[in-house]
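Novice: The structure is given below, and queries will be raised subsequently.
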Amino acid sequence: MTETFNNAPILRLGTRNSPLAMAQAHETRARLCAAHGWDESMIELVPVVASGDKVLDRPLAEIGGKALWTKELDQWLFEGRIDASIHSLKDVETVRPAELVIAAVLPRADKRDRLVGAKSLADLPAGAVIGTSAPRRAAQALSLRPDCTVVTFRGNVATRLGKLQAGEADVTFLAAAGLLRLGQDEVGTPLDPAAWLPAPAQGAIALECRADDAQTCKLIAAIDHAPSRAEVMAERALLTGLGGTCHSPIAVLCESHGDTLTMRVMLFSPDGSEKIEDSAQFAAGDLEAPARLARELLAKASPAIAAVFDGAS
């Protein structure tokens, strides 16, 4: 942990330098300062250009997966250049270095996707072009509209909106939480989670620090939101059980009801032509229940679905 000396910061928080990541970092700093009664100068935000922000013309799964969002921040943590990393938890691999720990999950924002460019998928003309680089969104969209075509759309929110405006696609999808944090919550139409499920841990900001840095972990734990942590850890346990990767079209929604969680899951073949779904209800903190649900889903998965989940092997 950073020591306070001559007004030096108490904590150095690493973050990607995209506009959304910086908005999340400012929210995190504000919550920590409110919890501890600190001035903002006590927390330094340390931006890094992540590998995933450098290559935008290919799907993430082709160039290294989710590790491209975390590897620079992980290295800085190990070197002691920062005390904690701020992540969009949906972009963090489920298998993490043993030396790191998720010390806090902030209150989860809107979990839904927003459709940008049309009021609904049903409103699209035949053969419309859908822009997305997410296998989940592509498969889920093709499941509903098999007549459409999917093209790769990568980049930050502004980049993707610019591509849409330039006519590279008819519609695209953006996370409602990201738009809200950027002050653009008027963009797009929210998709009903009764029919369109989000990504695991969508809408959640997490702080990760070195497991042996007890003082930093304690300071950060002050802003941990237990219901949000229970939801996202259950979703990540499901993802682990499935052996899900950046290639895996998985949609899941976990909702808290007091001490109970309700989880709904859909798995797709990459082209959206096949789908299975299931649900479960279990106690918050019970990570074996989503793992068991993963096994049940894989047991009834078709070869086309099972092929993109390592847990099927």
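Novice: Net charge around Val46, counting only other residues with Cβ within less than 13 Å of its Cβ (Lys, Arg = +1; Asp, Glu = -1)?
Specialist: 0
Novice: Determine, for Trp38, Trp196, the number of other Cβ atoms within 10 Å of each Cβ, and report the residues in order from fewest to most.
Specialist: Trp38, Trp196
Novice: Taking the alpha-carbon distance from Lys71 and a cut-off under 27 Å, which lysines remain once sequence neighbours fewer than 8 residues away in the same chain are dropped?
Specialist: Reachable lysines: Lys54, Lys90, Lys111, Lys218.
Novice: Right, here's the next one. Suppose we keep just the DSSP beta bridges with both residues in the chain; what percent of those would be antiparallel, to 5?
Specialist: Percentage antiparallel, nearest 5: 70.
Novice: Right, something else. Counting alpha carbon pairs within less than 8 Å and at least 6 residues apart, what relative contact order, in whole percent, applies to the range 113-190?
Specialist: That works out to 47 percent.
Novice: Here is a further query. Quick one: Thr132, Thr245, Thr216, fewest Cβ neighbours within 10 Å first, how do they rank?
Specialist: Fewest to most other Cβ atoms nearby, the residues stand as Thr245, Thr216, Thr132.
Novice: Moving on to the next point. Would you mind checking the range 214-258 for residues with the amide N under 16 Å from a putative spin-label position 7 Å along Cα→C-beta of Leu287?
Specialist: 226-244
Novice: By how many degrees, 0 to 90 and rounded to 10, does the Cα axis of helix 19-36 deviate from the longest principal axis of the chain?
Specialist: Rounded to the nearest ten degrees, it is 40.
Novice: Choose one answer from Pro227, Pro193, Pro249: the residue with the largest mean-square fluctuation in a GNM of the chain with alpha-carbon springs under 10 Å.
Specialist: Largest GNM mean-square fluctuation: Pro193.
Novice: Right, another one. Sort 207-213, 74-80 by packing, meaning the average of other beta carbons within 10 Å per residue, with the highest value first.
Specialist: Highest to lowest by the protection proxy: 207-213, 74-80.
Novice: For Pro198, what is the net charge nearby, where nearby means another residue's Cβ is under 13 Å from its Cβ and Lys, Arg count +1, Asp, Glu -1?
Specialist: For residues surrounding Pro198, the net value is +2.
Novice: Can you give the Kirkwood hydrodynamic radius for the chain, in Å, rounded to one decimal and based on Cα pairs?
Specialist: Taking the inverse mean of 1/r over all distinct Cα pairs, the chain comes out at 20.1 Å.
Novice: Once the other residues with Cβ under 12 Å from the Cβ of Val157 are scored (Lys, Arg +1; Asp, Glu -1), what is the net sum?
Specialist: Here the charged neighbours net out to +4.
Novice: Here's something else I'd like to know. What is the chain's relative contact order, in percent, from Cα pairs under 8 angstrom and six or more apart in sequence?
Specialist: Dividing the mean separation by the residue count of the chain yields 20 percent.
Novice: I've got another one for you. Between the range 215-274 and the range 161-195, what's the alpha-carbon centroid distance in Å?
Specialist: When both Cα centres are located, 22 Å separates them.
Novice: Okay, moving on. In nm, give the distance between the simple-model label positions of Ala98 and Ala30, each being 7 Å from the Cα along the Cα-to-Cβ direction.
Specialist: For the pair Ala98/Ala30, the computed spacing is 4.0 nm.
Novice: Also, I was wondering about something else. Could you please rank Glu40, Glu235, Glu274, placing first whichever residue has the fewest other Cβ atoms within 10 Å of its Cβ?
Specialist: Glu40, Glu274, Glu235
Bear in mind these aren't lab numbers, they're just calculated from the coordinates by the rules spelled out. Computed from a prediction, not measured in an experiment: that's the story for all the values here. No Cβ is skipped: glycine too gets one built from the backbone with ideal geometry, and neighbour counts run over all protein chains shown.
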